[in-house]
Structure formats: C-alpha cells, structure tokens
Amino acid sequence: ADRGESAGGEDMMKLSRGESQQKMFYKERGMRKEHIVSRHKLGYDPLDRALKEARSMKKRKSLLRNQKKEDADYREKVRTLLREHIEMMAEVGIVFHHTFQKEKLGFAIVLARYGKEGREFVQVDSVAPHCEAPVKPTDELIAVDGRIILEPTRDRFPALKKAIAEATRPVKLTFIHGEQRDKKFDDWLDRAKKAEQGAKDHASSVEKAAEFAAIARQVADEVQAYQVVAGKDDRNKFDDTKRRCLEAAANAKKYAEDAQQRAKNDDEAAAEATTTTTPVVAADDDDDDDKEAEKTDVVVAEEEEEEPAAKGEAKDDEADQAAVVEGKEEAPAVEPPSASEEPSASEEPASEEPASEEPAS
C-alpha cells in the first residue's frame, strides 16, 4: 500500500503460467461471467481465502524463522495472488486501464473490504462530472503505472493517496469493475420513480408535489452529468436509465403543475362564490325585515280596528245601565212559563240579548 510497494512490485502484466487456483475454483463450480462479477454474493471469493491462508502461514512461520524473510515471502505471495486475480478478471472482461493527462483525476478513493476477514483494497467512492475515465463508484483501483497496489492499510492509505496525486502525468491507472458499479443506475431510477409517485400521490398539495418534482429533476440532472464518464460497456444501460429518469421528472413536473392549477382554480371559485353570495344573503335579510314589518303593521292595524268597537260597546253598556236605573228601557215580551215548566235548580236562565235600539234621551 505504500509508495515503495506500489512502485516497486513486479509488472502486473507478467501473469502466472497455467491455470491459477482462482481460475480452477471458478471452473470447478461452473461459474460464468455474471457469477464472477458478483462473486461476493456467495461469501468470500478465492482471493480473500488465499490471502487469509497466506497471513495465517506467515504468522506460524514467523515464530520459527526470520521475521524479515517471512515478510518478503509473504509480499511475494500476495503479489502472485493479485496477478492471478487480475488475469482472471481480465478474462471475463472487467479490467480496464486509463491514462490520465490532467492533474485532477476526477474521482475519490476510500479503503474498503468485504466482511471482517476479507482483503482490504482501494475503492472508487465517487466520480466527478469532469472525470475523463469511465470510472464508477465501487470500482477497484488495482495498479498505478503497471505496479500492483499490495495490501493497503489505514496507516499506509494516506501515503498511497499522496503518491497517486503527485504521480507524474500522464499516469496510467488500472481498475477492476466493482460488483455494485451498476447499482448507481438502479439507485437513480429508483429515486426518480419514487419522486414521480410522490408527486402523483400528493397532487392535492402544491408544496409536496413541487418538492417531489424538484427531487425528480435533481436525479435527472445527476444522470445527465454522469454522461461524460459513462463507458461504452454500459452505454445502453446508461441511455435507458437517463431516458426513464427524464420521463419520471417530466411526469412529476406535470403533477406539480396540475396541483398548482387546481389550487388556483379552487381559489378563484372560492372568491367568485364569496362575491355572488353576499348580496343574496343581504337581500334575504332585507326580505325578512320587510316581512316582519308587514306582520307588525298588520297587527297594529288589527289593534286599531278593534279599539273603536270596544269603545262603542262601552258606550252601549253605559246607556243600558242608565236605562235600567231610570226604568225607561222596555223589557221584551216573554211568555210566562206554565206551572209545569218551572225551572229546575240546575238549569240557568237564558241570557238576554241587549236591545239594538239606542235608549231615549
């Protein structure tokens, strides 16, 4: 991992003769390219196992032999295993080289490993739009100017990054496809589809629909920015992902615009309803007041009509009383009852109607 190992190791193209243990491992299991590309889905790959065995042997022998000699033998063993690994990956078409001319490489690297006991290696973490190579996240940086990067560690990793950054340009870097290098396309498409669905589900909310539309647009922009680093090997997948992300962004934008238009229509309808209903309510109130006034007038008129009649009746009563007192009123002729028809105690005498004539003055 340090500068001496990456610059002083044997040329990576001096491959091993015959079939390596790694190649035999894949052949015995009938593993095709798609299986080898995603080899860690089955656990540790042959290189991880071979390096683990080499470390165990080094530890055992160092107790009995010279430590310096054991370290040299171990480095040579690791170098051989890595050459065999590169040869195997090259056969299935997932090794590529690129000669960088510019000072800035356009990608960032991190230290990675598969599992707790897997080998540590240098992995591409992110790629900038200006990167001139078809590099993708999770790709492994395996060699610099033809020199294999031996087992990097956390302590040596800063020195390795500095050596790569300060290497004389042009510099030739060798990469092995990462097992999840196409995951970025899947992530883009998944994010774009979720944003599209989110804008559709929240079409009743202007703010939410606009938020999801912005996410979809951001994903589409990321895909388009990646176009400069998309290699020929994945051009079809890239173009398909780009097309589908752009469609998702367009649909999300439409959902957001529809939500905004519906909100605008609702506001206009509410404003119009307020304008037309207010006079109607006022008119109804006026009608109610008029009706109440009419009822009041009627009641007053009825009371006014009844008052003269009451006064007339009072005058008649006074005249009747005066007539009775003076004895001038003539009683109407009443047929005297027969002896057999005397009123019983339970019967009341018939009431007499007042005379219609005015008494004499």
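Every number in this text was worked out from the coordinates using simple rules, so none of it is lab data. These figures come from a predicted structure and were not determined experimentally. Glycine also receives a Cβ, built like all others from the backbone with ideal geometry; neighbour counts cover every protein chain displayed.
Stretch residue 33-residue 62 to full length: gain in nm at 0.36 nm per residue minus the Cα-Cα span?
Working: separation 29, 0.36 × 29 = 10.44 nm, distance 3.86 nm.
Length gained, residue 33 through residue 62: 6.6 nm.
Within segment 173-211, what residues put their amide N at less than 15 Å from the label point 7 Å along the Cα-to-Cβ vector of residue 265?
Label zone hits: 203-206.
Could you bin all the Cα-Cα distances of segment 74-122 into 5 Å bins starting at 0 and give me the percent of pairs in each, rounded to whole numbers?
P(r) for segment 74-122, in whole percents per bin: 5, 14, 14, 23, 24, 14, 6, 1.
Quick check: residue separation of residue 130 and residue 80 times 0.36 nm, minus the Cα distance between them. What number comes out in nm? Each step should come with its number before you reach the end.
Working: separation 50, 0.36 × 50 = 18.00 nm, distance 3.50 nm.
Working it through step by step, the gained length comes to 14.5 nm.
Between residue 205 and residue 222, what is the label-point separation in nm under the 7 Å Cα-to-beta-carbon projection?
Here the answer is 2.2 nm between the modelled labels.
How big is segment 159-218 in terms of Cα radius of gyration and Dmax, in angstroms?
Reported Rg and Dmax, both Å: 20.2, 59.
Among the listed pairs 58/161; 193/254; 59/116, which are separated by more than 22 Å between their Cα atoms?
Numbers: 58/161 28 Å; 193/254 14 Å; 59/116 18 Å.
With Cα atoms farther than 22 Å apart: 58/161.
May I ask you to give the average projected area over all directions of the convex hull of the Cα atoms of segment 86-205, in nm² rounded to one decimal?
On the way: hull surface 41.2 nm².
With the hull built on Cα positions only, its mean projection is 10.3 nm².
Given the options 82, 95, 124, identify the residue whose Cα lies farthest towards the positive end of the charge dipole of segment 24-139 (+1 on Cβ of Lys, Arg; -1 on Cβ of Asp, Glu).
About the Cα centre, the residue reaching furthest to the positive side is 82.
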